[in-house]
Amino acid sequence: MKPIAIEAKGLKKQFDKKVAVHDLSLTVEQGEFFGFLGPNGAGKSTTIKMLVGLLRPSAGTATISGFDVWQEPLKAKAQLGVLPEGLNLYERLNAREFIRFAGTMYGLEKRDVDQRTEELLALMDLEDAAEKLIVDYSQGMRKKTALAAAIIHAPRVLFLDEPFEGIDAISVRAIRQVLDRLRSSGTTIFFSSHILEVVQRLCTRIAVINEGELVAAGTMAELRQKAQSDPDSTLEDLFLKAVGAEEKQNTQIGELSWLDGLPGASA
Amino acid sequence: MMGINTAQQRTLFGLRSRLLWRQFTGEKGRIISALIVLLIFGPMVLGISIASAVGYIQLEAPWPAQILGGVLVLLWVVWAVAPVFLGPINVSIDVSRLLVYPVTRRDMATAVLFGTLLDYPTFLVLPLFAAIVASWMWSLAWPFVLLGLPIAYLHMVIIGQIVMVGAGSILNSRRFRDLSIVVFSILGASCYFISQGVTRVLEEFVDLESAETFLLTWRPLDQLQWLPTGSIARAIEQGAAGNFGLATAWLGYSLLLLVGLGYVWLVLLDRLITGQTFSFGQADAPKAAKPKRARRSFKLKLLPEPLQSIVLKEIILTWRIPQRRIGMIQAFLLPVIFSGIYLFSGEFDGEFNGRWVGLFLIGYSYIPTLGFGSNTLAWEGQGLAMLFLTPASRRLIFQAKTVTSILLAALPIAFFTPLLFFISPPLPLLTGFFLALGFIGVGTAVVMLFSVWFPYPVNMDPKRPFAQPERRGGFIPTLMNVIGTPLLTGLLGIPLALPIALVWWFEWAWPGLILAVICAVYGLGVAWVMCGPAAEQLLKREPEILDALRAPEGD
Ligand SMILES: Nc1ncnc2c1ncn2[C@@H]1O[C@H](COP(=O)(O)OP(=O)(O)OP(=O)(O)O)[C@@H](O)[C@H]1O
Ligand SMILES: [Mg+2]
């Protein structure tokens, strides 16, 4: 068995009365490409924040490459690269300064920092914008900047919260190539996304969370087996089934009858 | 009304009143800041209203009309510049928010007119208008008051709108907002200085008697009457004197201007709706990318990496975040202003005991120390979470922050000290310089620790620079920052009292100076050592700090 890269045991988060994540346990092996799915508000970002040490769990433990995130935070963080939901950029730095700063903070040598920064800027197509302050960036540019900063130290474990949402097709392809490279060099990637097609294509294993609870986990084949679906059902079918949205959606869409019959539209 | 979408209007008005209501009922912090605003501006506005009423009733002609003109024109000017300050926080002034909906130009204009009835500037207008009504309604001018004030009000709304829509793209550009924060705060800080300077110059160079005759014969309304609201003052004055023809003419003139300006506004609105925004040059035009090498001052090279990188980032950010840049500028400006106030206040009688300058230096050093060091984690903004995600040594982070804070706070002290040799004997001044360094060290140590224990949210929103942060620190953090910080600083600073006593009490200059040098080392040492406990605390409290500073969700 391969070493375990990410382990969550009984993770729970309660905000006032709202239980955002309830008793969540999962393990991800080294080198896996792990997809984390769930409807809006399911608790994906909350889980990721607890796993990387940004949000203190109400109960449970999180371990990264054998280091407890809450007992040995700095050792755990040295293994990590994170693209958080909020991106967390220094708005008044420019992309070059920001990526450089990140590299330095992850303990890289100055020569490496400089070289990798330029390569990442080129990869993300940010060279032209590199002198502008991040506060003036578009949403996609911000995400690419944050992503570059998250991978500059070639982390062993990479957490990505919706990395592809809001990014143009050219950059998506570039980022996917980078992720492939990272994975083939043994990086574990844990990522949440709503683009199921990409998840299906990239991930070796997938977990689905709904209303704070893990409702399914496994490889595509295992998910199909558990759901007793036919062998070529898509991830979308499985996802909708797992979160119990299949029937609900079908009945509800029937009620929006006023959406039909736009003036001038042919029946 | 024909062509007005009443359902839309009702919704918009309802939205506006709900937002206004929420200002007072939302969080506890909100109502307190609303009360503070009320406490500051309320008496001011009431005072002006009462004073103007007394002027209208008590003074002899032509003064009542002159004052009336002054008040009306002042209000008009306030409304014209209001968008610069209020635009982004003020829903009804900013029509661009309605652009996504199918709202016609006419509906937009109507919504603005009704919406402004519930805005802050209107609350300023009401008492002043009440004073006008109370004083002038009993004269022959009453019809002109009844007609004139609504016209004046429309003039104010419309000029604000023209500025808002016309210069919207500039007002909304980040660069302009950044600049306005800095300019306004500097103007604010030097306000007293400027006014003192002006009076002083007037006293020096203007012959008093001719100034008096000038003031007595000065009739500002002669010029102001040509402005939209100034002409209404003229109309009311003429009406009161029984010259109804002239009064009607002035009112007609104002009405004509209203129609003209109203037309300009509608044209601008039309352009806004159809997307041809009126702009003076492109806002935030991206600078042509020019490859720049990172500038690093040679002094920083003395520091080892990664300390050097973090210090560099701290300095860059302190300069680039406008709310912080103010601090940097004021650190140099305030002493000039202080001495200006002292010189102009009449306390200065030519005989000046320079021995005390050194002592002043020590006290002054606390201002930049607080400015650059306190709540330092909050000023990381969004980036704080990124910092916490890295495995960088927390002690190193605090060492960098401490070095930066001390450097920046010491900069104005180092700048002024050589100049002060001209007015102060050297030994007490040097003692003051070293003690200031020590005090900066001690003060920095305390604020660093408190930034971990009691962080509070700050407003870094480039779009709403003048707004209060949406969330505030709780009661305990505020209390601790206000009282705990100076208390602990004083405690740690006790050793500094010895050289102070020696030099300024016993007048033993040399022993005092030597002790002061030791105190400087002590203070800087305390700051350096404190990085340890601060880092330890930080590591324990990172998620809680993020939570305390969490940016509110967008509106
Ligand atoms: N700081 C907070 N305070 C209170 N409730 C919170 C907080 N953060 C998250 N929640 C709640 O926790 C739940 C899970 O939120 P989370 O952000 O993890 O969802 P998500 O799965 O990432 O959704 P999305 O796909 O929209 O990003 C939501 O109901 C949300 O309202
Ligand atoms: Mg999320």
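The values are calculated or read from the model by the stated rules, or taken from the named source; none is laboratory data. Because the structure is a prediction, the values reported are computed rather than measured. Please note: Cβ atoms are built from the backbone with ideal geometry, for glycine as well, and neighbour counts cover all protein chains shown. Keep in mind that these areas ignore ligands, DNA and RNA; they rest on the heavy atoms of the full protein, side chains included. Shrake-Rupley method; radii C 1.70, N 1.55, O 1.52, S 1.80 Å.
Please indicate, with yes or no, whether at least one residue in segment B:500-509 is among the small types (Gly, Ala, Ser), out of contact with any Phe, Trp or Tyr (no Cβ under 8 Å at 6 or more places or on another chain) and under 22 Å from residue B:357 (Cβ atoms). Steps first, please.
Going residue by residue through segment B:500-509, those that are among the small types (Gly, Ala, Ser) are B:501, B:509.
From the residues that got through so far, the ones that are out of contact with any Phe, Trp or Tyr (no Cβ under 8 Å at 6 or more places or on another chain) too are B:501, B:509.
When the remaining residues are screened for being under 22 Å from residue B:357 (Cβ atoms), the result is B:501, B:509.
Among the residues of segment B:500-509, at least one is among the small types (Gly, Ala, Ser), out of contact with any Phe, Trp or Tyr (no Cβ under 8 Å at 6 or more places or on another chain) and under 22 Å from residue B:357 (Cβ atoms), which makes the answer yes.
Yes/no per residue for (1) modelled with pLDDT of 90 or more; (2) open to solvent by 70 Å² or more (accessible area, probe 1.4 Å):
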position	(1), (2)
B:224	no, no
B:228	yes, no
B:232	yes, no
B:259	yes, yes
B:267	no, no
B:271	no, yes
message = Show the residue pairs meeting these rules: Cβ distance below 6 Å; 6+ apart or different chains; first residue within segment A:190-215 and within 14 Å of another protein chain (Cβ to nearest Cβ); second residue away from ligand 1 (no atom under 12 Å from the Cβ) and of a type in the set (Gly, Ala, Ser).
response = none
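In the set A:99, A:6, which member is open to solvent by less than 30 Å² (accessible area, probe 1.4 Å) and over 30 Å from residue A:241 (Cβ atoms)?
Among A:99, A:6, only A:99 is open to solvent by less than 30 Å² (accessible area, probe 1.4 Å) and over 30 Å from residue A:241 (Cβ atoms).
Table: residues versus (1) within 24 Å of residue B:381 (Cβ to Cβ); (2) modelled with pLDDT under 90.
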{"residue": "B:491", "(1), (2)": "no, no"}
{"residue": "B:502", "(1), (2)": "no, yes"}
{"residue": "B:512", "(1), (2)": "no, yes"}
{"residue": "B:525", "(1), (2)": "no, no"}
{"residue": "B:535", "(1), (2)": "yes, no"}
key: Test set (1) touching a Ser or Thr at 6+ places or on another chain (Cβ under 8 Å); (2) open to solvent by less than 10 Å² (accessible area, probe 1.4 Å) - residue A:196 fails condition number   = (2)
message = Which of the numbered conditions does residue A:42 fail, given that it passes all the others? Conditions: (1) in contact with a Gly (Cβ under 8 Å, 6 or more places away or on another chain); (2) open to solvent by 20 Å² or more (accessible area, probe 1.4 Å).
response = (2)
ask   = Can you find even one residue in segment B:457-464 that is at negative phi, open to solvent by less than 50 Å² (accessible area, probe 1.4 Å) and at pLDDT 90 or above?
value = no
remark   = Exactly one of B:385, B:409 is over 20 Å from residue B:484 (Cβ atoms) and crowded, with 21+ Cβ neighbours inside 10 Å, and that residue is B:385
inquiry  = Please verify whether residue A:61 is surrounded by 16 or more Cβ atoms within 10 Å (Cβ to Cβ) and within 12 Å of ligand 1 (Cβ to nearest atom), treating the condition exactly as stated.
reply    = no
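Could you pull out the residue among A:182, A:160, A:126 that is buried (at least 16 other Cβ atoms within 10 Å of the Cβ) and within 16 Å of ligand 2 (Cβ to nearest atom)? Give the steps one after another, and end with the answer.
Details: A:182 fails: within 16 Å of ligand 2 (Cβ to nearest atom); A:126 fails: within 16 Å of ligand 2 (Cβ to nearest atom).
Within the list A:182, A:160, A:126, the selection yields A:160.
Taking residue A:127 as the residue in question, decide whether it is in contact (Cβ under 8 Å) with a residue 24 or more places away in the chain and part of a loop (DSSP other than H, G, I, E, B). It would help to see each step written out before you state the result.
On the way: in contact (Cβ under 8 Å) with a residue 24 or more places away in the chain: no; part of a loop (DSSP other than H, G, I, E, B): yes.
No; evaluated as a whole, the condition is false for this residue.
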task = Considering only segment B:525-546, state which residues are open to solvent by 60 Å² or more (accessible area, probe 1.4 Å) and under 30 Å from residue B:430 (Cα atoms).
result = B:528, B:529
